[in-house]
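Colleague: Handing you this structure, nothing more for now.
The values are calculated or read from the model by the stated rules, or taken from the named source; none is laboratory data. Since we're looking at a predicted model, the values are computed, not measured. As a convention, Cβ positions derive from the backbone with ideal geometry for all residues, glycine included, and neighbour counts pool all protein chains shown. Only protein heavy atoms, including side chains, enter the accessible area calculation; ligands, DNA and RNA are left aside. Shrake-Rupley method; radii C 1.70, N 1.55, O 1.52, S 1.80 Å.
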Amino acid sequence: MNDSSNPADEIIERARAVTEIFRQKKATLALAESCTGGLCAVALTEIPGVSSVFLCGYTVYSNEAKRRDLGVSDEILTRCGAVSEETVAALLRGLLDKTGCTVAGAVSGIAGPDGGTPEKPVGTVFIGVASAAGYRIGKFLFRGGRSAVRRQSAEKLFEMLIRQVY
């Protein structure tokens, strides 16, 4: 990205690519977003006609929302924490079960500036995608302030979604 680029434009372009590829593959998408706070859903809804592929998005910022809306267990949240591979896997399962989408995407992380620990510093983000082809979940450490971490998380989720349908 060059200095004159608007980070929001970059995210919308990635959302446009996801939309086109999902249309071509006749895939449908549901999202669960925590640290991104709906940023991916907002970018997707900038694309005219995205409703042909984007079914719904859940902003599950609190542990209560993760439990209530997508069935993440207390045991996972207590043992592993909200920012973990296990939580993202549970979010993906909840999306697939609840929405009937063909591809699910989920993100949970620590955008900062507070909330980090030595084991999970600020910028730690787990991002996952799931479909009939399986689950892919990665752990990432993004740099920068809160907005930068959120933007990088959204961009990585879109990249992983494209890879999942190929």
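Colleague: Spot the failing condition for G81; the list is (1) assigned to a loop (DSSP other than H, G, I, E, B); (2) farther than 18 Å from L39 by Cβ; (3) without any contact (Cβ under 8 Å) to a residue 24 or more places away in the chain, and only one is missed.
Modeller: Here G81 meets the rest and fails (3).
Colleague: In the list E46, E119, E75, E86, which residue meets the criterion of being surrounded by fewer than 22 Cβ atoms within 10 Å (Cβ to Cβ) and in contact with a Cys (Cβ under 8 Å, 6 or more places away or on another chain)?
Modeller: Just a single option satisfies the conditions, and that option is E86.
Colleague: Taking the options R163, R150, R136, name whichever one is within 21 Å of P7 (Cβ to Cβ) and charged (D, E, K, R).
Modeller: After applying the criteria, what remains is R150.
Colleague: Identify all residues within the range 18-33 that are open to solvent by 10 Å² or more (accessible area, probe 1.4 Å) and either assigned to a helix (DSSP H, G or I) or among the polar types (S, T, N, Q) (or both); write none if there are none.
Modeller: Those that are open to solvent by 10 Å² or more (accessible area, probe 1.4 Å) and either assigned to a helix (DSSP H, G or I) or among the polar types (S, T, N, Q) (or both): E20, I21, R23, Q24, K25, T28.
Colleague: Inside the range 91-132, can you point out the residues that are under 11 Å from L31 (Cα atoms) and part of a loop (DSSP other than H, G, I, E, B)?
Modeller: Listed by number, the list holds a single entry, C101.
Colleague: Moving to a separate point now. Taking the conditions exactly as written (touching a Phe, Trp or Tyr at 6+ places or on another chain (Cβ under 9 Å), modelled with pLDDT of 95 or more and at positive phi), does G134 satisfy them or not?
Modeller: Spelling it out, it is not the case that G134 is touching a Phe, Trp or Tyr at 6+ places or on another chain (Cβ under 9 Å), modelled with pLDDT of 95 or more and at positive phi.
Colleague: Checking D9 against (1) of a type outside the set (V, I, T); (2) exposed (fewer than 14 other Cβ atoms within 10 Å of the Cβ); (3) modelled with pLDDT of 95 or more; (4) assigned to a helix (DSSP H, G or I): exactly one of these is not met. Which one?
Modeller: (3)
Colleague: Inside the range 133-166, can you point out the residues that are of a type in the set (G, A, S), outside any loop (DSSP other than H, G, I, E, B) and surrounded by fewer than 20 Cβ atoms within 10 Å (Cβ to Cβ)?
Modeller: G134, G138, S147, A148
Colleague: Given (1) free of Cβ contacts under 8 Å to residues at least 40 places away in the same chain; (2) within 13 Å of L157 (Cβ to Cβ); (3) buried (at least 21 other Cβ atoms within 10 Å of the Cβ), identify the lone condition not met by G105.
Modeller: (1)
Colleague: Could you tell me which residue of the range 58-72 is farthest from G134 (Cα to Cα), considering only residues that are open to solvent by 50 Å² or more (accessible area, probe 1.4 Å) and part of a helix (DSSP H, G or I)?
Modeller: Among residues in the range 58-72 that are open to solvent by 50 Å² or more (accessible area, probe 1.4 Å) and part of a helix (DSSP H, G or I), the one farthest from G134 (Cα to Cα) is E64.
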